[in-house]
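Okay, so here's the structure we're looking at.
The values are calculated or read from the model by the stated rules, or taken from the named source; none is laboratory data. Bear in mind the structure is a predicted one, so any value in this text is a computation, not a measurement. We place every Cβ from the backbone using ideal geometry, glycine too, and count neighbours over all the protein chains shown. To get the accessible areas, we keep the full protein, side chains included, count just its heavy atoms, and leave off ligands, DNA and RNA. Shrake-Rupley method; radii C 1.70, N 1.55, O 1.52, S 1.80 Å.
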Amino acid sequence: MDEGFITLCRYLGAALSVGFGAIGAALGEGYAAGQASDAISYRPQASGEVLKNMLVGQAIAESAAIFALVVSILLIFGSTEFHTQIFGWAALSGGLCMGLAAIGSGIGAGVPAGTACKGIVRQPASSGKILTTMLLGSAVCQTPAIFGLVTAFLLIFLDHSNVPLYPGWAAMVGCGISTGLAAIGPGIGNGLTAGEAVSGVARNPDQSGMTSRTMLVALGVAQSTAIYGFLISLMLLFMTPKESTSFAQAMRLLSAGICMGFGAFGPGLGVGMTGAYAVKEVPRNPDGSQVLVRTMLVGMAVAESTGIYSLIIALLLIVL
Amino acid sequence: MDISGADFIKGMAFLGAGIAMGLGAIGPGVGEGFVAGKACEAIGRRPDEAGLLTRTMLVGQAVSESTGIYSLVIALLLIFVV
């Protein structure tokens with residue numbers, strides 16, 4: 001019975017992983033291709049450069065979906081050498097985690113790819129700087145998906161045999177949901193910031209250093225709620241719960257994951273929007289960039305607060 | 001797993017606390033981030049009014065924070081009181 005249950009969970013996890021994981025990258029790449037087509041219509045003679053840039057950007061956006069595909073294949077063909085139900089729950093949760101985590105990064109990485117195509121048409125002479133900023137921005141956009149990949153691997157490959165099934169199943173599902181959902185908002189937010197940074201470099205290539213630096217600060221702050229989600233996942237995974245058939249104990253652990261997962265979405269997206277507007281203004285008036293970065297950081301800190309409330313509630317639910 | 005009486009109510013209260021705080025955090029997060037972004041845009045246009053704009057931004061964010069605090073209060077009530 002257990003072996004059948006584990007196989008079922010692994011297949012379901014595989015489907016969830018690549019199913020959800022395909023959403024983001026497809027949307028992001030579609031956006032990049034749309035912007036590229038638009039850009040080529042303005043300056044058809046630059047089509048070669050735009051096409052190259054579009055393909056590089058799409059390749060980066062694709063990586064989140066490839067992570068999801070890898071996790072799916074591992075779940076379908078991986079060995080089932082462990083034979084207790086808890087491994088089934090862990091495998092299902094690993095698939096769900098990777099699938100959800102790939103959505104945000106896929107959408108996010110498509111935005112700088114699209115704005116870079118537009119930028120190259122505007123400033124063909126600075127295409128190198130534009131491409132560099134795009135690569136930097138898109139690469140940082142992948143970070144939430146990488147948290148998802150790490151969590152999925154931990155869930156799938158760790159030896160959970162000392163974890164009691166009740167309430168261990170809820171800790172496993174909570175762990176997957178926490179990192180998975182928490183990655184969506186920061187992924188999209190990072191994309192918005194990186195997209196505006198690329199546009200900014202295209203508008204004023206002389207300020208590309210200042211713009212990239214501001215972008216990296218903004219991307220770092222936007223990442224924080226994804227890190228909270230990852231933290232809650234690690235706590236759920238490594239703080240082995242005491243065996244108990246109580247329904248309340250199980251719901252406590254599951255709820256911690258749900259709380260942090262959803263709670264990270266808003267601040268991640270919001271902080272990304274703040275970064276986008278700030279990065280847009282930096283190349284326009286480089287002299288005022290200090291005041292801008294200061295206001296940006298104050299605004300981001302306030303927007304982060306609900307993410308911190310979610311972290312507190314999740315920690316309370318785990319520790320109590 | 002036995003699902004009955006007081007244990008079931010406690011479990012649902014925990015689940016409710018997580019959902020309340022999790023979903024409740026989305027709106028304020030996006031809203032405050034948007035406010036901060038628009039403030040940065042405005043400071044870019046009028047750098048000499050940075051003080052006034054920052055003050056307005058913080059007041060606006062404090063108001064939109066309120067729904068997040070409602071969620072926090074309800075979540076704490078569900079965890080500790082129910």
Item to complete: Taking A:I313 as the residue in question, decide whether it is closer than 22 Å to B:G16 by Cβ, in contact (Cβ under 8 Å) with a residue 24 or more places away in the chain and within 7 Å of chain B (Cβ to nearest Cβ).
Response: yes
Worksheet item: Consider A:G209 against the criteria (1) more than 10 Å from chain B (Cβ to nearest Cβ); (2) open to solvent by less than 10 Å² (accessible area, probe 1.4 Å); (3) not hydroxyl-bearing (S, T, Y): it satisfies all of them except one. Which criterion is unmet?
Response: (2)
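Yes/no matrix, rows are residues, columns are (1) buried (at least 24 other Cβ atoms within 10 Å of the Cβ); (2) under 22 Å from the mean Cα position of the chain (by Cα); (3) not charged (D, E, K, R):
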site: A:T7; (1), (2), (3): no, no, yes
site: A:A22; (1), (2), (3): no, yes, yes
site: A:A25; (1), (2), (3): yes, yes, yes
site: A:Q35; (1), (2), (3): yes, no, yes
site: A:E49; (1), (2), (3): no, no, no
Practice prompt. Could you grab me the full set of residues in the range A:250-267 that are within 8 Å of chain B (Cβ to nearest Cβ) and either at pLDDT below 95 or more than 11 Å from A:G229 (Cα to Cα) (or both)?
Written response: A:A250, A:M251, A:R252, A:L254, A:S255, A:G266, A:P267
Response to the item:
Per the filter on the range B:39-82, residues of a type outside the set (S, T, N, Q), in contact (Cβ under 8 Å) with a residue 12 or more places away in the chain and closer than 20 Å to A:V271 by Cβ are B:A39, B:L53, B:M57, B:G60, B:E65, B:G68, B:L72
Worksheet item: Which of the residues belonging to the range A:212-238 are at pLDDT below 95, polar (S, T, N, Q) and open to solvent by less than 10 Å² (accessible area, probe 1.4 Å)?
Response: A:T214, A:T225
Worksheet item: Hey, among A:T133, A:T151, A:T115, which residue is buried (at least 24 other Cβ atoms within 10 Å of the Cβ) and within 22 Å of A:L237 (Cα to Cα)?
Response: A:T151
Practice prompt. Filter the range A:46-104 down to residues that are part of a helix (DSSP H, G or I) and among the acidic types (D, E), then give me how many there are.
Written response: 2
Item to complete: List the helices (runs of 4 or more DSSP H) that sit entirely inside chain B and contain at least 3 residues that are under 30 Å from A:E281 (Cβ atoms) and at the interface with another protein chain (Cβ under 7 Å from one of its Cβ atoms).
Response: B:26-45, B:50-80
Worksheet item: So B:G22 fits all but one of (1) on the phi < 0 side of the Ramachandran plot; (2) open to solvent by 20 Å² or more (accessible area, probe 1.4 Å); (3) of a type outside the set (F, W, Y); what number is the exception?
Response: (2)
